[in-house]
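Before I ask anything, here is the structure I am working with.
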Amino acid sequence: MGRFVGQRVIESLADQLPELPADTGQKSFSLFASYLDQTGKENLEKIREESRALMTEKVGVFRTEVGLSEAVEALKALKERAANTTLACKSLKMNPELILRWELDNLLSISLVTAVCALNRRESRGGHARQDFPERKDEFNYHTLATMTAFAEVDLGKRAVDMSIFESHCEHHERFGMIERKY
Amino acid sequence: MQETYQIVSKIQRYDPDNDRSWIQNYQLETGRILQFTDLFRKINKELDPTLAWNSSCEHGQCGTCSVKINGKPMLACELLVENAVVHFETTEFLIEPLTIAPVVRDLIVDFDKAYERVHKIKPYIIEPVANPNSGNEYKIAPGHLQRYVDATRCINCFCCATACISSHHNFLGPNAIMASVVRLMDLREQAKDERKTLLYSEEGVYRCHTSRACSFVCPKEIDVAHFIALAKSGALESDA
């Protein structure tokens with residue numbers, strides 16, 4: 001899929017294709033080389049399992065400031081432990097264990113961003129239910145944009161909610177206003 | 001019924017780096033309700049992280065996890081431990097990769113290679129006829145659709161092609177043949193001659209030995225052999 005998208009991007013850019021930087025792909029190469037080189041006694045599956053339980057328990061349906069903060073710290077610890085795993089298979093040909101190792105890093109990254117965003121949103125809205133902040137608040141009427149340049153270094157930005165249908169005053173526009181969704 | 005089973009999986013392995021193949025035994029205690037894909041996952045987790053296998057949807061809709069279990073090609077995700085014990089009357093399972101394409105590693109075969117045959121028959125409408133119901137959907141009478149609608153449920157898991165007793169080298173294989181037959185029966189297709197040329201060629205339907213192994217193993221319970229038989233008798237376009 002990624003390859004296909006890349007090919008289409010190249011096609012559509014045609015002659016405007018910029019010069020590629022000299023170290024193109026280097027980051028991926030060194031990342032995968034580090035997976036193959038790293039050693040340690042930690043178990044990949046165990047870390048994955050622990051992160052799954054952690055996310056269900058502390059970043060699941062009902063969330064609290066304490067639980068989310070603990071989850072952030074626990075995820076940082078899991079990330080450190082992940083660096084101490086040894087791959088049994090070092091091959092580059094169809095190596096599911098290598099993919100699993102990469103996947104674990106991605107899972108931990110997404111988990112951490114999710115926890116940090118949930119921690120920041122001190123309100124309850126839709127599927128995000130904070131037991132310590134059960135009310136919806138207008139100050140949070142925006143989409144959160146998260147950027148993570150290095151693990152656990154998360155920058156939070158905002159994007160306004162698209163209200164164009166409501167503001168267009170077209171037929172039934174009033175149904176697209178901002179209201180509290182509740183039972 | 002027992003609560004747990006002691007399962008012995010004898011898995012055909014292949015290491016592409018050293019071009020070495022062997023059969024490896026894994027012994028596991030499992031619950032009754034466990035898919036074979038989860039059995040592989042359990043092996044990865046508890047016994048051997050290097051065992052390579054393939055899956056995608058894990059609910060019998062994509063055809064990625066097909067393997068041979070005690071000789072029978074089937075979807076690993078559709079087979080539960082308990083049902084397997086009943087069906088094969090044993091707790092020992094020989095698990096091998098499909099035989100329709102070269103093995104990449106362990107239970108994973110080169111699906112690109114396998115799909116070459118399907119692509120060859122062009123599993124789409126090559127030349128659509130003008131839609132008499134222009135601007136709307138093309139209408140096909142339910143009675144007509146009924147003749148081939150079963151065949152459209154094929155997921156190209158290649159179980160039939162693996163079970164097929166005809167040659168894998170010069171036969172298009174049951175699933176590819178059936179995909180072409182579907183389009184021959186499809187009123188929207190104009191390129192019937194192009195399809196027939198390939199269907200009745202050296203690698204076409206006459207390679208079929210009518211063993212009906214394809215129908216026997218199909219996880220989607222499609223009577224594949226029926227569609228090949230229709231092609232053999234030329235009964236593709238009549239509404240009979």
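Which shape class, rounded, prolate or oblate, goes with chain B when its Cα gyration tensor gives a ≥ b ≥ c as root eigenvalues, a/c under 1.5 marks rounded, and past that a/b bigger than b/c marks prolate?
The shape class here is prolate.
Once the Cβ-Cβ distance between B:ILE165 and B:THR91 is put in as r, and R0 is 25 Å, what FRET efficiency do you end up with, to the nearest 0.05?
On the way: r = 29 Å, r/R0 = 1.15.
Computed FRET efficiency for B:ILE165 and B:THR91: 0.30.
Expressed in nm to one decimal, what extension gain is obtained for the pair A:LYS93 and A:SER164 from 0.36 nm per residue of sequence separation less their Cα-Cα distance? All intermediate terms of the calculation are to be shown ahead of the outcome.
Working: separation 71, 0.36 × 71 = 25.56 nm, distance 4.99 nm.
Fully extending the segment from A:LYS93 to A:SER164 adds 20.6 nm.
Just the Kirkwood number for the protein assembly as shown, please: inverse of mean 1/r across all distinct Cα pairs, in Å, one decimal. It would help to have the intermediate numbers written out before the result.
On the way: mean 1/r = 0.0380 Å⁻¹.
One over the average 1/r among Cα pairs gives 26.3 Å for the protein assembly as shown.
Okay, next question. Rounded to the nearest 10 degrees, what's the angle between the helix A:44-58 long axis and the longest principal axis of chain A, both from Cα atoms, 0 to 90?
10
Two decimals is fine: what is log10 I(q)/I(0) at q = 0.09, 0.18, 0.20, 0.22 Å⁻¹ for region B:102-212, from a Debye sum with one equal scatterer on every Cα and no solvent?
-0.28, -0.96, -1.12, -1.27
Return the distance in nm (one decimal) between the two label points of a simple spin-label model at A:GLU19 and A:ILE179, each offset 7 Å from Cα along Cα→Cβ.
Placing both labels 7 Å beyond Cα along the Cβ direction yields 5.9 nm.
By a straight-distance test (C-alpha under 23 Å), which lysines pair with A:LYS90 as possible cross-link partners, with residues fewer than eight away in the same chain excluded?
Cross-link targets: A:LYS27, A:LYS41, A:LYS46, A:LYS79, B:LYS42, B:LYS45.
Find, among the GluC sites (Glu not before Pro) in region B:1-62, those assigned to loop by DSSP (not H, G, I, E, B) with at most 15 other beta-carbon atoms within 10 angstrom. Intermediate values should be presented prior to the final figure.
Working: sites: B:GLU3, B:GLU29, B:GLU46, B:GLU58; in loops: B:GLU3, B:GLU58.
Answer in residue order: B:GLU3.
A follow-up question, please. Let me check against my output: what whole-number percent is the relative contact order of chain A, with C-alpha pairs under 8 Å and at least 6 apart?
Details: 178 pairs, mean separation 32.4, N = 183.
That works out to 18 percent.
Which one, A:ILE110, A:ILE47, A:ILE165, has the greatest fluctuation when you compute a Gaussian network model over chain A with C-alpha springs under 10 angstrom?
Maximum among the listed residues: A:ILE165.
Less than 24 Å apart at the alpha-carbon level, and either on another chain or at least 8 residues along: which lysines does that give for B:LYS220?
Partners found: B:LYS68, B:LYS72, B:LYS113, B:LYS120, B:LYS122, B:LYS232.
Now for a different question. Based on the Cβ-Cβ distance of A:SER34 and B:GLU127, what FRET efficiency does E = 1/(1 + (r/R0)^6) give at R0 = 41 Å, to the nearest 0.05?
Details: r = 53 Å, r/R0 = 1.28.
E(calc), rounded to 0.05, equals 0.20.
Now, a different point. Let me check I've understood the local charge: for A:THR64, count other residues with C-beta under 12 angstrom from its C-beta, Lys and Arg +1, Asp and Glu -1. What total comes out?
Details: positive: A:LYS58, A:ARG63, A:ARG122, A:ARG130; negative: A:GLU57, A:GLU65, A:GLU70, A:ASP132.
Value of the local net charge: 0.
Starting from the Cα of A:GLU42, move 7 Å in the Cα-to-Cβ direction to define the label point; list residues of region A:143-175 whose amide nitrogen is under 18 Å from there.
What the label zone holds, given the 18 Å backbone N cut-off, is A:150-153.
Which net charge results for the neighbourhood of B:GLU82, defined as the other residues with beta-carbon distances under 11 angstrom from its beta-carbon, given Lys and Arg at +1 and Asp and Glu at -1?
Working: positive: B:ARG32; negative: B:GLU3.
Taking every other residue near B:GLU82 into account, the sum is 0.
Where in region A:53-94 does the amide nitrogen come within less than 16 Å of the point 7 Å from the Cα of A:ILE110, taken along Cα to Cβ?
Answer for this model: A:53-56, A:59-60.
In degrees between 0 and 90, to the nearest 10, how far off the longest principal axis of chain A does helix A:96-120 point, with axes built from Cα atoms?
30
Could you give each residue of region B:139-150 its phi-based ³J(HN,Hα) in whole Hz, using Karplus coefficients 6.51, -1.76, 1.60 with θ = phi - 60°, and x for Gly or Pro?
Values per residue, Gly and Pro as x: 8, 10, 5, x, x, 6, 4, 4, 5, 10, 4, 4 Hz.
If one computes the Cα centroid of region B:157-186 and of region A:128-183, what distance in Å separates the two points?
Centre-to-centre distance over Cα atoms comes out at 52 Å.
Kindly state, as a whole number, the per residue volume in cubic angstrom of the convex hull around the alpha carbon atoms of region A:29-88. Can you show the working numbers first?
Working: hull volume 5.1 nm³, N = 60.
For region A:29-88, the hull spanned by Cα atoms encloses 86 Å³ per residue.
Which value at 222 nm does the protein assembly as shown reach when only helices count, each DSSP H run of 4 or more adding -39,500 (n - 2.57), with the total divided by all residues and rounded to the nearest 500 deg cm²/dmol? It would help to have the intermediate numbers written out before the result.
On the way: 15 runs with 160 residues, N = 423.
Computed ellipticity for the protein assembly as shown at 222 nm equals -11500 deg cm²/dmol.
Related question: For chain A, what class follows from the C-alpha gyration tensor (a ≥ b ≥ c being the square roots of its eigenvalues): rounded when a/c is under 1.5, otherwise prolate if a/b is larger than b/c, else oblate?
Working: a/c = 2.74, a/b = 1.31, b/c = 2.09.
Here chain A falls in the oblate category.
Shifting gears a bit: What FRET efficiency comes out for the pair B:TYR138/B:ILE33, r = Cβ-Cβ distance, R0 = 35 Å, nearest 0.05? Intermediate values should be presented prior to the final figure.
Numbers: r = 43 Å, r/R0 = 1.24.
My answer for the efficiency is 0.20.
Would you mind checking the radius of gyration and Dmax of region B:4-109 based on alpha-carbon positions, in Å?
12.8, 38
Where in region B:116-134 is the amide nitrogen less than 16 Å from a point lying 7 Å along the Cα-to-Cβ axis of B:GLU237?
Only B:126-130 pass the distance filter.
Here is a further query. Find me the longest stretch of chain A that has none of the exposed GluC sites (Glu not before Pro), where exposed means in a DSSP loop (not H, G, I, E or B) with at most 14 other Cβ atoms within 10 Å.
With a cap of 14 other Cβ atoms within 10 Å, the longest stretch comes to A:20-134.
Bear in mind that the values in this text are calculations on the coordinates, not laboratory data. Note that the structure is predicted; figures quoted are calculated from it, not measured. Ideal geometry is used to build each Cβ from the backbone, glycine not excepted, and the neighbour counts take in all protein chains shown.
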